[in-house]
Amino acid sequence: MAIVEPVTSTNGHRRLRLESPTTRRALGEITVHTAAEVRERIAAARRAQPQFEALGFEKRAQIMRRALSILLSQQERFIDVIVGETGRSRMETLLMELFPACDSLAYYAKHAERLLRDESPSLHLLKTKKLVISYRPLGVIGIITPWNGPFVLSLNPTVQALMAGNAVVLKPSEVTPFSGKLVGELFAEAGLPPDVLCVLEGDGETGAALVEGGVDKISFTGSVATGRKVGEACGRQLIPCTLELGGKNPTIVCADSDVPRAAKGCVSGAFLNAGQFCCATARIYVVDSVADAFIGHVVEYVRSLKQAREGEFDLGPAIWPRQLEIIERHVNDAVTRGARVLTGGARNREVGELFFQPTVLTDVTDDMLVMREETFGPVVSIVRVRDEAEALRRANQSAYGLAATVWTSDHAKALRLSKALETGHVCMNDCSVTYGIHEAPFGGRKQSGLGQVHGPGGLKGYCYAQSIVLERTRLGQEDAFYPFTDQKASTMRKVMQWVFGSRLGRLFT
Ligand code: NAD
């Protein structure tokens, strides 16, 4: 999208005007939902939820499959809206929005029932009981999302929350509200019952109202600063939340890597979505013996990238002036402190006001903003290191811990380095692709977040695990019931001694 500018305030409503980041032409307006309206939507969702839950998995999966078929058959309509708001290329929109959205709908339609099936693990000690763990929907889930994956990051948690039997109130970013609204339109067309999903319009005020509005969980994706506020508010209310936050993601390029391919992969990893990607490669640590060759390839690839307003191109604009200012500040800070610009380094005004040239920096130091804070733009820094041990140490010197990549031809080394990296996920010889793998837990360490989505626990995160203890058989003597007597205490001691103090008894523990 787009640029947000408050225009008028009528009847207690603020309106935000939106512009294309590519052309800066008007795209439309949104009317910010007030806190009272947010509470009404949550109440309506709560009323609609029990009947929706009662539909069962198969009927909910049918809705997902209808949504999938609408998305497939009308993909150009969806791409038009996302491209209009973000300025991304159509190919990138297909790759990073439509394809993973289709996969999310298909995967959870097929697997949610299995993943949320009642479990009955055998009990190690209390053989007279049967445990049933039942995954019950939490109720109403509040989902708050950012502008950098405006459709898929709104759709994916919504699919999971709905498949688990919840109702959803979604607050997409005010910077890309129309891509967020597509999620509501898609499910309405697919036959989702009224009020089960509500898509709000608004900015941080609306987001804060959603967090405080009485939902049962918040699924938040966005910046560390906002995530901290959301986490604090959820903690105060004792409601669960997942926080998917920013990163300053490291890459280690080993001497035994396929250097030209590593360079190509790092360039894609750094400049996808013009670097406005939470898992974007930002800090490259390359082992000295291959550094010259690697840097040569990186610079060559980056110089071949095409930045344009339409047609076939690789990089679009920064989303809004605020983002461009951060990018410029980080690059200027680095250059002032002695970094060398190998290519790029400035705005690309020939293409448009919000375009920044894909930029490669070297001779960077750890105190520079570009190494410490999330730039969220088309800027990557390359650091030469003596060996992998130095790469590892410096990669871990970060307040963030979201994603990392490792380039080597040695699988055992990739695994060893990955386990030593303090990030939620690591990919070998590829860009960070983990978010696209539903079986893989996804989440950040350190300041990059709290909790995980996807993986075995992701879908279950939209539920509470209810433990139901059933009776299998009954012992003649029930020592845990009153009256408490000396004789029962004596029996208890004997049982304790046998279970915990004998070799045979320990088989039960
Ligand atoms: P942001 O934190 O500014 O906004 C995110 C959302 O929070 C928006 O919808 C916004 O309106 C809302 N919001 C703002 N203030 C709020 C408040 N006080 N209470 C509740 N909601 C509030 O983030 P952004 O600039 O839209 O997104 C970019 C950030 O998101 C980057 O840091 C990026 O790394 C991160 N991100 C993380 C992931 C991940 O999975 N880890 C994925 C994508 C983006």
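Of note:
- Among the residues of the range 206-260, those that are touching a Pro at 6+ places or on another chain (Cβ under 6 Å) and farther than 29 Å from Arg393 by Cα comprise Lys217, Ser219.
- Qualifying residue in the range 284-294 (condition: among the aliphatic types (A, V, I, L, M), at pLDDT 95 or above and within 22 Å of Leu402 (Cβ to Cβ)): yes
- Apart from one condition, Trp320 fits all of (1) touching a strand residue (DSSP E or B) at 6+ places or on another chain (Cβ under 9 Å); (2) buried (at least 23 other Cβ atoms within 10 Å of the Cβ); the exception is (2).
- Every residue from the range 202-239 that is among the aliphatic types (A, V, I, L, M), closer than 20 Å to Asn148 by Cβ and open to solvent by less than 50 Å² (accessible area, probe 1.4 Å): Leu210, Ile218, Val224, Val230
- Taking every residue in the range 212-239 that is of a type outside the set (Phe, Trp, Tyr) and pairing it with any residue that is in a strand (DSSP E or B) and away from the ligand (no atom under 13 Å from the Cβ), at least 6 positions away or on another chain, the pairs with Cβ-Cβ distances below 7 Å are Val215/Val140; Val215/Ile141; Asp216/Val140; Asp216/Ile141; Lys217/Ile141; Ser219/Ile141; Ile239/Lys217.
- Selection count, the range 189-214, where residues are near the ligand (Cβ under 8 Å from one of its atoms) and among the acidic types (Asp, Glu): 2
- Of everything listed in (1) part of a strand (DSSP E or B); (2) within 15 Å of the ligand (Cβ to nearest atom); (3) open to solvent by 20 Å² or more (accessible area, probe 1.4 Å), the single unmet condition for Ile468 is (2).
- Residue, modelled with the lowest pLDDT, within the range 481-508, restricted to residues that are within 16 Å of Thr128 (Cβ to Cβ) and in a loop (DSSP other than H, G, I, E, B): Phe508
- Taking each residue of the range 315-338 that is in a loop (DSSP other than H, G, I, E, B) and looking for partners that are of a type in the set (Phe, Trp, Tyr) with beta-carbon atoms closer than 6 Å, six or more apart or interchain, yields Pro317/Phe355; Ala318/Phe356; Ile319/Trp147.
- Some residue of the range 177-188 being of a type outside the set (Asp, Glu), crowded, with 23+ Cβ neighbours inside 10 Å and either in contact with a Gly (Cβ under 6 Å, 6 or more places away or on another chain) or in a loop (DSSP other than H, G, I, E, B) (or both): no
- Screening the range 367-448 for strands (runs of 3 or more DSSP E) wholly inside it with 3 or more residues that are open to solvent by less than 20 Å² (accessible area, probe 1.4 Å) returns the ranges 379-385, 403-407.
- Here the range 247-284 is the region considered, the condition is being touching a residue at least 60 places away in the same chain (Cβ under 8 Å) and basic (Lys, Arg), and the residue that is farthest from Gly316 (Cα to Cα) is Arg261.
- Filter pass, Val287 being surrounded by fewer than 24 Cβ atoms within 10 Å (Cβ to Cβ), touching a residue at least 12 places away in the same chain (Cβ under 8 Å) and either more than 15 Å from the ligand (Cβ to nearest atom) or not basic (Lys, Arg) (or both): yes
- The criterion of at least 2 residues that are basic (Lys, Arg) and at pLDDT 95 or above is met by the following helices (runs of 4 or more DSSP H) wholly inside the range 40-152: 56-73, 99-115.
- Inter-residue pairs, beta-carbon under 7 Å, first free of Cβ contacts under 8 Å to residues at least 24 places away in the same chain and in the range 159-182, second part of a strand (DSSP E or B) and open to solvent by 10 Å² or more (accessible area, probe 1.4 Å), 6+ apart: Lys181/Val199
- Any hit, the range 133-145, residues being in contact with a Pro (Cβ under 6 Å, 6 or more places away or on another chain) and within 16 Å of the ligand (Cβ to nearest atom): yes
- Residues of the range 46-89 that are closer than 24 Å to Gly28 by Cβ and open to solvent by 70 Å² or more (accessible area, probe 1.4 Å): Glu76, Arg77, Asp80.
- Scanning the range 319-333 finds one or more residues that are among the aliphatic types (A, V, I, L, M), more than 16 Å from the ligand (Cβ to nearest atom) and within 28 Å of the chain's Cα centre (by Cα).
- If the condition is being polar (S, T, N, Q) and either open to solvent by less than 10 Å² (accessible area, probe 1.4 Å) or over 18 Å from Ala270 (Cβ atoms) (or both), then the range 323-361 contributes Asn332, Thr336, Thr359.
The values are calculated or read from the model by the stated rules, or taken from the named source; none is laboratory data. In this text, all values refer to a predicted model and were calculated from it rather than measured experimentally. Using ideal geometry, Cβ is built from the backbone for each residue, glycine included, and neighbour counts are taken over all protein chains shown. Remember, those area values only see protein heavy atoms, side chains included, never the ligands or the DNA or RNA. Shrake-Rupley method; radii C 1.70, N 1.55, O 1.52, S 1.80 Å.
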